[in-house]
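Peer 1: Below are the structure tokens for one structure; questions will follow.
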Amino acid sequence: MTTEFKHLFEGKKALIFGVANERSLAWSIAQYLHGGGARLGFNFLGDALERRVRPLAESVGAEIVEPCNVGSDSEIDAFFDTVKKKWSDIDILVHSVAFANREELEGRFVNTSREGFKTALDISAYSLVALAKRAEPLMEGKNGSILTLSYYGAHKVVPNYNVMGVAKSALEACVRYLAYDLGTKKIRVNAISAGPVKTLAAAGIRNFRDMLAAAGEKTPLRENISAEDVGSLAAFLLSPMGKHITGTTMYVDSGAHIMGV
Ligand SMILES: NC(=O)c1ccc[n+]([C@@H]2O[C@H](COP(=O)([O-])OP(=O)(O)OC[C@H]3O[C@@H](n4cnc5c(N)ncnc54)[C@H](O)[C@@H]3O)[C@@H](O)[C@H]2O)c1
């Protein structure tokens, strides 16, 4: 990480949802925030991931490491109760969470099941609203900033991305509506639309390797992005450098999104 970010987040309290392992985009964002002096809190999903997340969180001096399935209002409430007790307020919320059943991420979109649709939209889009609702009172008077992660499949058809494309489209719409609602409290809400990066979530998409290869060959810059590129853009958006940016989706994809054929 470059030195420009040093002290940028000194004393800021940041909650990060979505670290699964050291490859997670959320982990790169966490490292930038830590490098800038932020105090960090993490969620984890289930015992298996706790074993991965806890050592990572400890390596950046995390003050909160708690379970939270974002599909459960009671787990979200319990998580924020802990945050309120430990910190009383927060400055930053990172939502780097998505999920769809594996069978929905291959083959024909028309075969998407009702349950599969609900799950993808609930975990990947509604959860941002649920977290923002709990974060709002804790960000009172703090010029808070909320960030989520999207993908180009929100706007154009990417074979096999299927219901996740619909969920990302909804997520980006949620960003705009939340930005409007929370703007009166000076809370900013943005999304980063990232090019493909090999992570646990990405491994669930059929032919992800082809997506990666195409992005490396057919983008204007003709190279793939890294998790670090997401971390640095996140640091910019979450910091005072992004002070008047809200409701937007910014691309870090080597320019892929400008291409036609
Ligand atoms: N990797 C890519 O190519 C790419 C590109 C663009 C956008 N994204 C987005 O970035 C975000 C992070 O994904 P990643 O690629 O870092 O993969 P990842 O697997 O490291 O992160 C996904 C996270 O979602 C969490 N999660 C899933 N269901 C959950 C639930 N019910 N409750 C709480 N947490 C839950 C997982 O525990 C995991 O930590 C996702 O929104 C993904 O769609 C990824």
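Coordinate-derived values only; no laboratory data. Just so it is clear, the model here is predicted, and its values are computed rather than measured. Positions of Cβ are generated from backbone atoms using ideal geometry, with glycine treated the same way; all protein chains shown enter the neighbour counts.
Peer 1: Note the angle between two axes, namely the Cα long axis of helix 73-86 and the longest principal axis of the Cα atoms of the chain, as a number of degrees from 0 to 90, rounded to the nearest 10.
Peer 2: The answer is roughly 40 degrees.
Peer 1: Quick one: pull the percentage of alpha-carbon pairs in the chain with a separation above 29 Å.
Peer 2: 25
Peer 1: If one takes the longest principal axis of the Cα atoms in the chain, at what angle in degrees, from 0 to 90 and to the nearest 10, does the Cα axis of helix 25-35 lie?
Peer 2: Helix 25-35 and the main axis of the chain meet at about 30 degrees.
Peer 1: Moving on to the next point. Of the GluC sites (Glu not before Pro) in segment 1-52, which ones lie in a loop per DSSP and count no more than 10 other C-beta atoms within 10 Å? Each step should come with its number before you reach the end.
Peer 2: Working: sites: Glu4, Glu10, Glu22, Glu50; in loops: Glu10, Glu22.
Hits after loop and neighbour filter: Glu10.
Peer 1: Would you mind checking which residues have amide H under 5 Å from Ala191's amide H? H placed 1.01 Å from N; only 5 or more apart, or other chain.
Peer 2: Thr148, Thr248, Thr249, Met250
Peer 1: Go from 0 up to the bin containing the longest alpha carbon distance in segment 121-261, width 5 Å each, and give me the % of pairs per bin.
Peer 2: 2, 10, 19, 21, 20, 14, 9, 4, 2, 0
Peer 1: What's the magnitude of the charge dipole for the chain around its Cα centre, counting Lys and Arg as +1 and Asp and Glu as -1 at the beta-carbon? Answer in Debye, nearest 20.
Peer 2: On the way: 30 positive and 29 negative charges, 67 e Å.
Magnitude of the dipole: close to 320 debye.
Peer 1: What is the order of Tyr251, Tyr177, fewest Cβ neighbours within 10 Å to most?
Peer 2: Tyr177, Tyr251
Peer 1: Go through Ala78, Gly255, Gly153 and say which Cα lies farthest out towards the positive end of the charge dipole of segment 13-255; charges sit on Cβ, +1 for Lys and Arg, -1 for Asp and Glu.
Peer 2: Gly255
Peer 1: Pull up all non-local amide H partners of Ile90: gap of 5 or more, or a different chain, and H-to-H distance under 5 Å with H placed in the peptide plane.
Peer 2: Met139
Peer 1: Could you order the peptides 156-167, 58-69 from most to least packed, using the average number of other C-beta atoms within 10 Å per residue?
Peer 2: 156-167, 58-69
Peer 1: Then there's this: Taking the 0 to 90 degree range and rounding to the nearest ten, how far is the long axis of helix 227-238 tilted relative to the main principal axis of the chain, both from C-alpha atoms?
Peer 2: Between helix and principal axis, roughly 50 degrees.
Peer 1: If you don't mind, another one. Fewest first, what order do His95, His257, His34 take by the number of other Cβ atoms within 10 Å?
Peer 2: Working: His95 28, His257 15, His34 20.
Sorted ascending by nearby Cβ count, the order is His257, His34, His95.
Peer 1: Hey, another quick one. Ranked by Cβ crowding within 10 angstrom, fewest neighbours first, how are Arg209, Arg134, Arg188 ordered?
Peer 2: Numbers: Arg209 13, Arg134 19, Arg188 24.
Ordered from fewest to most neighbouring Cβ atoms within 10 Å, Arg209, Arg134, Arg188 come out as Arg209, Arg134, Arg188.
Peer 1: Here's another thing I want to ask about it. What does a probe at Lys84 reach in segment 123-160, counting residues whose amide N is under 15 Å from the point 7 Å along Cα→Cβ?
Peer 2: 131-140
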